[in-house]
Amino acid sequence: MKKYPFKNILSLLSLALLLGFTVSSCTEDTDGRPQIGPGDPKSAGIKPDSAAGGTVLTLTGTGLGDMRSIVFEKNNVPAGFQPTLNTSEALIFRVPEDAAGGTQNIIFTNSAGAKLSVPFKVLAFPSVASISNYNFTKDSEITIDGNNLDDVISVTLTGTTDKATIVSKTKKQLVVKMPASSVNSATLDIVNGTGLFKTTQEFVNLDKALQVFTEGYGEGFADGSWGDAGAISTAQFKTGLKSVGKNYQKGNWHLINFTNWWPTVPYSADYKYLSVWIKGASEDYSLYITTDASKAGFGNFADANKLNVKAGVWNYFKVKLSDIDFWSAGKSLQQLGFRIQGPDKQDEVFYFDDVILVK
């Protein structure tokens with residue numbers, strides 16, 4: 001075995017350390033992004049050139065390296081992106097879910113502060129999650145909750161030129177004042193900067209309906225309730241300023257009864273729906289629609305006529321007459337009631353508003 005002098009071994013170790021230091025000092029720690037310096041960014045276009053929130057976009061061009069921010073111009077909404085997936089010729093990112101709708105610029109900024117503005121259209125159609133009321137008269141206000149409502153341009157009754165007046169609007173809520181109209185009912189056409197959205201909800205014109213009870217009893221109608229009489233309330237109401245309340249006594253199987261002994265309501269196939277708002281009691285109950293023009297007769301409990309009323313809130317019902325035992329052809333309607341089985345625990349009060357028949 002060949003032996004090396006001790007001083008030679010020290011010299012070799014020193015050389016190895018020096019080489020190791022040199023290699024280490026030449027290796028740069030990175031965050032994983034391609035080592036592409038900032039250039040003079042120029043766009044060849046974005047594909048697609050219009051899209052909704054969440055859509056993946058690709059910007060192509062030159063000098064796109066080392067981008068540090070992407071911002072959608074309306075409301076300065078930033079877009080997230082992954083630098084490791086991008087090059088100096090292509091940049092991949094998504095439309096932010098909360099981007100404001102309409103045509104706007106997307107602003108790209110690199111590490112040198114150079115900016116690039118590229119036009120783009122965010123598709124943000126209006127959407128409706130809930131509404132405050134399904135019934136309207138001229139100048140009544142309806143609140144619509146949903147999304148992309150801040151740039152609504154117009155609200156029109158579908159199939160008409162009857163436009164609602166926009167009272168206020170935010171991204172999540174729209175308040176409109178309803179127009180006068182000759183239609184019995186209609187959906188709404190809501191148009192914003194992206195385009196048209198037609199509601200699935202249908203709005204009923206109270207002025208064209210047969211009013212059993214709205215701000216009071218309709219023409220020819222009065223109270224004929226079993227047990228405690230119906231009592232008009234100014235403390236509880238859904239539309240306007242009044243409703244009618246009914247105390248259903250414990251164990252008595254009461255009903256509220258809207259009577260029209262004269263002139264009565266003659267049968268007409270033109271009536272398609274019964275509509276009513278009912279304010280629930282202390283717990284969930286079922287009420288049964290009953291009429292003296294039905295096959296079963298007044299006061300009966302027909303399964304098809306059952307309404308499940310949630311406690312403590314206003315419940316909206318729009319029932320197709322052909323789906324329930326309501327009105328036999330040729331019979332005149334003189335009594336319309338809502339009956340309960342029970343209540344078993346205690347007295348319960350329900351409130352009724354906008355009891356109407358809709359053509």
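The values are calculated or read from the model by the stated rules, or taken from the named source; none is laboratory data. Bear in mind that the values here come from a model prediction, so they are computed numbers and not experimental data. Every residue, glycine among them, receives a Cβ derived from its backbone with ideal geometry; neighbour counts consider all protein chains shown. Ligands, DNA and RNA are stripped out before the accessible areas are found, and what is left, the full protein with its side chains, is counted by its heavy atoms. Shrake-Rupley method; radii C 1.70, N 1.55, O 1.52, S 1.80 Å.
Is one or more of the residues making up segment 127-141 among the acidic types (D, E), on the phi < 0 side of the Ramachandran plot and in a strand (DSSP E or B)? Checked segment 127-141: at least one residue is among the acidic types (D, E), on the phi < 0 side of the Ramachandran plot and in a strand (DSSP E or B).
Only residues that are among the hydrophobic types (A, V, I, L, M, F, W, C) and assigned to a loop (DSSP other than H, G, I, E, B) were counted in segment 45-102, giving 6. Against the criterion of being open to solvent by 30 Å² or more (accessible area, probe 1.4 Å) and either aliphatic (A, V, I, L, M) or at positive phi (or both), A112 qualifies. Within segment 201-246, restricting attention to residues that are in contact with a strand residue (DSSP E or B) (Cβ under 8 Å, 6 or more places away or on another chain) and of a type in the set (S, T, Y), the residue that is nearest to Y273 (Cα to Cα) is T214. The test for being free of Cβ contacts under 8 Å to residues at least 12 places away in the same chain, open to solvent by less than 60 Å² (accessible area, probe 1.4 Å) and over 13 Å from the mean Cα position of the chain (by Cα) holds for S168.
For Y288, the conditions (1) in a loop (DSSP other than H, G, I, E, B); (2) in contact with a helix residue (DSSP H, G or I) (Cβ under 6 Å, 6 or more places away or on another chain) all hold with the exception of (1).
Residues being within 13 Å of V276 (Cβ to Cβ) and assigned to a loop (DSSP other than H, G, I, E, B): count how many of those fall in segment 323-336. The total comes to 2.
Selection within segment 231-269: residues that are open to solvent by 80 Å² or more (accessible area, probe 1.4 Å) and of a type in the set (A, V, I, L, M). The member of this set that is farthest from the chain's Cα centre (by Cα) is I232.
One residue stands out in segment 128-165 among those that are among the hydroxyl-bearing types (S, T, Y) and under 18 Å from the mean Cα position of the chain (by Cα): the one that is nearest to Q211 (Cα to Cα), namely Y134.
Considering only residues in segment 323-359 that are in contact with a Phe, Trp or Tyr (Cβ under 7 Å, 6 or more places away or on another chain) and of a type in the set (A, V, I, L, M), the one that is surrounded by the fewest Cβ atoms within 10 Å (Cβ to Cβ) turns out to be A329.
Can you tell me which residue in segment 295-322 is most open to solvent (accessible area, probe 1.4 Å), limited to those that are within 21 Å of Y285 (Cα to Cα) and part of a helix (DSSP H, G or I)? Going through the qualifying residues, I end up with D303.
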